[in-house]
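Single-structure report; data block below.
The values are calculated or read from the model by the stated rules, or taken from the named source; none is laboratory data. Since the model is a prediction, treat every value here as computed from it, not as a measurement. Because the Cβ atoms are built from the backbone with ideal geometry, glycine has one as well, and the counts that use them run over all protein chains shown.
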Amino acid sequence: MSLRHALLAAAVGGLVLAPVAAAHVEISPNKVTPDSVARFTIEVPTERNAPTVKLEVKLPPGLESVRLATKPGWRSTNRGGVVTWSGGEIPPDHSDKFVFTAHVPNTPGKELLFPAIQTYAKGPVVRWIFGPYSETPAPRVMLEAATTPIATVTLNNGGRDHHGIAIGIGIAFVAGLLALGIVFLRRRRA
């Protein structure tokens, strides 16, 4: 395989894999105030060639007064601390959002985990239940720590920090490979 073909394959791989690496079942906001009622949005991407037809989310202990927003085309239930949306479809290469409100516990600094199981048509499932650095991390929300009287600023972009980072790294990687390829091609012609 020539150097040009290798660089082209690496560039295409970077373009294809960067967005896929960034697509996860996520919850926003990523931080909430303890002992408050919060509105949560779970975003679900369909990354396979079959539609997503069901989402199950295990609610963390201490969540109270959970209310599921109506979602046209979907049925929702909350049984035994597991919220299930089913009956609808999220087509391949699309995402959709599921919304609920809940009263969160008064435990500043605690991380709330929302393990999720995404079911595709014809049965395949993806378990979004693992640690934050895995390929299938559980969605998580941090209960803000108690603050001191010192003024602080919190930047919150809805839990999407790693999306921009992953895409930025992918773009930088591809740009670097392309630049390297141009340098090699120019040297070869000289």
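Can you pull out the residues in region 122-146 that are touching an Asp or Glu at 6+ places or on another chain (Cβ under 6 Å) and outside any strand (DSSP E or B)? Lay out the reasoning, then the answer.
Going through region 122-146, the residues touching an Asp or Glu at 6+ places or on another chain (Cβ under 6 Å) turn out to be 139-140, 142.
Matches in region 122-146: Pro139 only.
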* **Contacts under 9 angstrom Cβ, first residue in region 122-145 being more than 23 Å from Ala50 (Cβ to Cβ), partner at pLDDT 95 or above and acidic (Asp, Glu), 6 or more apart** => Arg140/Glu111; Val141/Glu111; Met142/Glu111; Leu143/Asp35; Leu143/Glu111
* To do: Could you identify the single residue in Thr70, Thr101, Thr107 that is closer than 20 Å to Arg140 by Cβ, in the same structural domain as Ala145 (by TED's automatic domain parsing), assigned to a loop (DSSP other than H, G, I, E, B) and polar (S, T, N, Q)?
  => Thr107
* Structure fact -> The correct count of residues that are surrounded by 15 or more Cβ atoms within 10 Å (Cβ to Cβ) and under 23 Å from Pro34 (Cβ atoms) in region 117-142 is 6
